[in-house]
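Engineer: Quick one: this structure, given as structure tokens, is what I'll be asking you about.
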Amino acid sequence: MKQRKLIVGNWKMNPESKDEARKIASDVKRAMKNIRKTNVVICPPFVYLSPLSGVSKGNLFLGAQNANAERLGALTGEVSFSELYQFNVRFVILGHSERRKMGETDEIINKKIKSVVSSGLNAIVCVGESVRDRNGDYFGFIRSQIHSALKDVNRKFLDRIIIAYEPLWAIGAKEAMQPRDLLETSIFIRKVLKDSYGSLSESIQILYGGAVDKINCAQLIEEGNVSGFLVGRESLRPKDFIEIIKIADQI
Ligand code: PGA
């Protein structure tokens, strides 16, 4: 079965004003009228979720970049998944390397993933090595990141899991990964998932992230065997982001 494409825009801590956020979101929304086979998720900072909650419609969704695993409580400065759900948030990025750098461990990420999927949201789980060593040790690293992220996740929620493969050296870089290297890695990730979950793993989408742009996106999808992207910088430039969506939709 051919999966629908999925393009996720990770705005990180941008843009600076609510008006700019509204502008990007409404440009993307307008372009979605002609998009047939692709789902798109925009993930703005928390404070813009409320003003943007109206943009999610049809194949355009709203996502968050983080949340706390608890439902509610004395947790100053935190936001829960059930709180996000009320603002039409249906996806959450988890395990992004920038958050891992801030101290999120595999255990915390696993707890959040379990909480996200049982709250009825979809988890975009980021994995990826920081260096590509010659011995291929990064394969073992990616496998163990996937295993710890998905530890004890109820199998009935597997269709709410998306794996975003993001090699750290490609995030924010000038160039994306080579499509043939991506193919090798995406085949490996597919095998890791299949070894754990058999045919149930087929519902899990695999995305690529790291310096995706309108020039490299077609080749990455076609030759890299992924069903979409997690896009950083280019998701803040509506024209380019829309171009990526259109290209993916035509493949
Ligand atoms: P980039 O970021 O597209 O700007 O490289 C990707 C990401 O961090 O998800």
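Engineer: With the requirement that a residue be surrounded by fewer than 21 Cβ atoms within 10 Å (Cβ to Cβ), of a type in the set (D, E, K, R) and in contact with a helix residue (DSSP H, G or I) (Cβ under 9 Å, 6 or more places away or on another chain), what does the stretch 102-139 give you?
Structural biologist: Across the stretch 102-139, the qualifying residues are GLU104, ASP106, GLU107, LYS114, GLU129, ARG132.
Engineer: Out of LYS29, LYS33, I need the residue that is open to solvent by 70 Å² or more (accessible area, probe 1.4 Å) and out of contact with any Leu (no Cβ under 7 Å at 6 or more places or on another chain). Which one? Explain how you work it out, then say what you get.
Structural biologist: Details: LYS29 fails: out of contact with any Leu (no Cβ under 7 Å at 6 or more places or on another chain).
Sole residue among the options that is open to solvent by 70 Å² or more (accessible area, probe 1.4 Å) and out of contact with any Leu (no Cβ under 7 Å at 6 or more places or on another chain): LYS33.
Engineer: All but one of (1) touching a residue at least 40 places away in the same chain (Cβ under 8 Å); (2) within 16 Å of the ligand (Cβ to nearest atom); (3) in a helix (DSSP H, G or I) hold for ALA211, so report the exception by its number.
Structural biologist: Going through (1) touching a residue at least 40 places away in the same chain (Cβ under 8 Å); (2) within 16 Å of the ligand (Cβ to nearest atom); (3) in a helix (DSSP H, G or I) one by one, ALA211 breaks only (3).
Engineer: Being β-branched (Val, Ile, Thr) and in a helix (DSSP H, G or I): is that true of ILE146 here?
Structural biologist: yes
Engineer: Given the residues ILE142, ILE161, ILE187, which is the only one that is at pLDDT 95 or above, of a type in the set (Val, Ile, Thr), away from the ligand (no atom under 15 Å from the Cβ) and open to solvent by 50 Å² or more (accessible area, probe 1.4 Å)?
Structural biologist: ILE187
This table checks each residue for (1) in contact (Cβ under 8 Å) with a residue 12 or more places away in the chain; (2) farther than 17 Å from ASN216 by Cβ; (3) not aliphatic (A, V, I, L, M).
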| residue | (1), (2), (3) |
| --- | --- |
| ARG134 | no, yes, yes |
| ILE146 | yes, yes, no |
| ARG155 | yes, yes, yes |
| ILE171 | yes, no, no |
| LEU182 | yes, no, no |
| LYS191 | no, yes, yes |
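Engineer: A follow-up question, please. Identify, please: which residue in the stretch 1-26 is basic (Lys, Arg) and either free of Cβ contacts under 8 Å to residues at least 60 places away in the same chain or in a helix (DSSP H, G or I) (or both) and is, among those, surrounded by the fewest Cβ atoms within 10 Å (Cβ to Cβ)?
Structural biologist: Pass one, the stretch 1-26, residues basic (Lys, Arg): 2, 4-5, 12, 18, 22-23.
Filter again for either free of Cβ contacts under 8 Å to residues at least 60 places away in the same chain or in a helix (DSSP H, G or I) (or both), leaving 2, 18, 22-23.
On the way: LYS2: 6, LYS18: 14, ARG22: 16, LYS23: 13.
Among them, the one singled out is LYS2.
Engineer: Restricting to the stretch 190-208, what's the tally of residues that are more than 16 Å from the ligand (Cβ to nearest atom) and either in a loop (DSSP other than H, G, I, E, B) or of a type in the set (Ser, Thr, Tyr) (or both)?
Structural biologist: Residues flagged as more than 16 Å from the ligand (Cβ to nearest atom) and either in a loop (DSSP other than H, G, I, E, B) or of a type in the set (Ser, Thr, Tyr) (or both) within the stretch 190-208 amount to 6.
The values are calculated or read from the model by the stated rules, or taken from the named source; none is laboratory data. Values in this document were obtained by computation on a predicted structure and should not be read as measured data. Here Cβ is always computed from backbone atoms with ideal geometry, including for glycine, and neighbour counts include all displayed protein chains. When the accessible area is computed, the model is the full protein with side chains, heavy atoms only, and any ligands, DNA or RNA have been set aside. Shrake-Rupley method; radii C 1.70, N 1.55, O 1.52, S 1.80 Å.
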